[in-house]
Amino acid sequence: MATINKNLSEYDKNALPNAKEFRFGIVVSEWNETITEGLYSGAEAALLDNEVPAENIIRWNVPGSFELIYGSKKMLQTQKVDAVIAIGCVIQGETKHFDFVCEGVTQGIKDLNVQTDIPVIFCVLTDNTMQQSIERSGGIHGNKGTEAAIAAIKMAYIRQQATLAHDFSNQNLLTSGAAQLGEGSPLELKE
Ligand SMILES: Nc1c(NC[C@H](O)[C@H](O)[C@H](O)CO)[nH]c(=O)[nH]c1=O
Ligand SMILES: CC(=O)[C@@H](O)COP(=O)(O)O
């Protein structure tokens, strides 16, 4: 289903889990700032609408969408968050740079979801024109930031339930949500 057939801002509040205890990191790219600020506003409003305390929302800015990867990694490693939302807007220019930035940030955020214990939500617009970005950051197609916040709530809940369901009887409970990435090595959970 294309965005054109779905409003990105629509959600059923009654169908969402309780998010009051969750902490959310939001990493925001400064490229196409008018768009990314609109996406951030949508995400923040949706979290507050679901009774996430303002103090449970931690925002960091990074220069561009490619830096969302490193920013999100350091956010989840240091801020004890239950989910991270990576916000960016990549718009096609004259060269192939668009393709490499989009592929790089997509693969990098995917890798964080594979290698760490914290869900990282992909809130990166990859549009042909500024108009398409306007329409998806609070315009006629709604706000992808809102969609990302709802996804973050759902994924934080899934992580919480999965952690509770896992039998930790024979090992120390994880003391923090962010499993540390070993330097250059696969994930090593600290006891
Ligand atoms: N052209 C866009 C960029 N380019 C910058 C890169 O994201 C990156 O910051 C740079 O290559 C230095 O590493 N970034 C966007 O977010 N959106 C664009 O349209
Ligand atoms: C996605 C980009 O990096 C792109 O907007 C930069 O523009 P150009 O390809 O014209 O250099």
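Derivation of every value follows stated rules applied to the coordinates shown; laboratory data play no part. The structure presented is a predicted model; accordingly, all values stated were derived computationally and were not measured. Here the Cβ is made from the backbone with ideal geometry for all residues, glycine too, and neighbour counts use every protein chain on show.
Computed values, structure above
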item: Interchain or long-range residues, amide H under 5 Å from Leu125's placed H; result: Gly88, Cys89, Val90
item: Contour excess over end-to-end distance, with Cα ends at Glu103 and Ser41 and 0.36 nm allotted per residue; result: 19.8 nm
item: Ellipsoid equivalent to region 21-164 - semi-axes via the Cα gyration tensor, in Å; result: 24, 18, 12
item: Cα→Cβ-extended label distance, 7 Å offset, between Ile158 and Asn113, nm; result: 0.8
item: Surrounding net charge for Arg159, when Lys and Arg each add one and Asp and Glu each subtract one, Cβ distance under 15 Å; result: 0
item: Net length gained if the chain between Gln131 and Asp49 were fully extended (0.36 nm per residue, minus Cα distance); result: 26.8 nm
item: Under 18 Å from the Cα of Lys154 - lysines, other chains or at least 8 residues apart; result: Lys13, Lys20, Lys80, Lys110, Lys144
item: Region 63-132: Rg to Rh, with Rh as the Kirkwood radius over Cα pairs; result: 1.01
